[in-house]
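The values are calculated or read from the model by the stated rules, or taken from the named source; none is laboratory data. These numbers come from a predicted model, not from an experiment. For neighbour counting, all protein chains shown are included, and Cβ atoms are generated from backbone atoms with ideal geometry for every residue, glycine included. Accessible surface areas use protein heavy atoms only, side chains included; no ligands, DNA or RNA. Shrake-Rupley method; radii C 1.70, N 1.55, O 1.52, S 1.80 Å.
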Amino acid sequence: MLRIVDIIEGTSVDGAGLRTAIYTAGCAHACPGCHNPTTWPFDCGREVTTAEILEAVERNGFNVTLTGGDPLYQADALVPLATELKKRGYNIWCYTGFTFEQLLTRPDAMRLLPFIDILVDGPFVESLRDPDLRFRGSSNQRIIDVAASLDASAPVVARQYSETAYTRP
């Protein structure tokens, strides 16, 4: 079972293209200025099965973003979902307040990371907030190509997403 707060179908801000965003419950990072502090309690939201989430994803066929809260607090519970999503051909993005380097030391994260295509890592830092950044809130956060990073045992930035900024009129 997974504890989630919401599933948003058809979002375009949580990764490239239209996506189904799965908002997991629980986050201990408690970043000042977080855009979603209602997801911090580990007991908020509801418990759902992998099958329930897959049904929502399949309903529209959009690629998937794991966000929250922080999905990495439920890494082991997300492995069956991520395994099935990859079998069905979905691209998976994941947002976390942990850095990639921190995740390399966590066995549960290491079981989930091979299924993640893009990881947006690092805590939100209010003083580094930049509304012109794509797919992240503060300039310390990185958009990481997970497969290349696992091969290198070091973070490899996904430049095709990181170098493009929004331009405001």
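For this structure, a couple of remarks:
- Counted residues, segment 25-59 - those being polar (S, T, N, Q) and in contact with an Asp or Glu (Cβ under 7 Å, 6 or more places away or on another chain): 1
- Total residues in segment 19-40, condition assigned to a loop (DSSP other than H, G, I, E, B) and either of a type in the set (S, T, N, Q) or in contact with a helix residue (DSSP H, G or I) (Cβ under 8 Å, 6 or more places away or on another chain) (or both): 9
- Being in contact (Cβ under 8 Å) with a residue 12 or more places away in the chain, open to solvent by 60 Å² or more (accessible area, probe 1.4 Å) and over 12 Å from the mean Cα position of the chain (by Cα) holds for only one residue in 114, 107, and it is 114.
- Look at (1) open to solvent by less than 40 Å² (accessible area, probe 1.4 Å); (2) more than 16 Å from residue 6 (Cα to Cα); (3) over 12 Å from the mean Cα position of the chain (by Cα) and you find that residue 48 fails only one, number (2).
- For segment 17-37, taking the residues that are over 22 Å from residue 128 (Cβ atoms) and open to solvent by 30 Å² or more (accessible area, probe 1.4 Å), the one that is modelled with the highest pLDDT is identified as 23.
- Restricting 131, 123 to residues that are more than 20 Å from residue 7 (Cα to Cα), of a type outside the set (Asp, Glu), touching a residue at least 40 places away in the same chain (Cβ under 8 Å) and not in a helix (DSSP H, G or I) narrows the list to 123.
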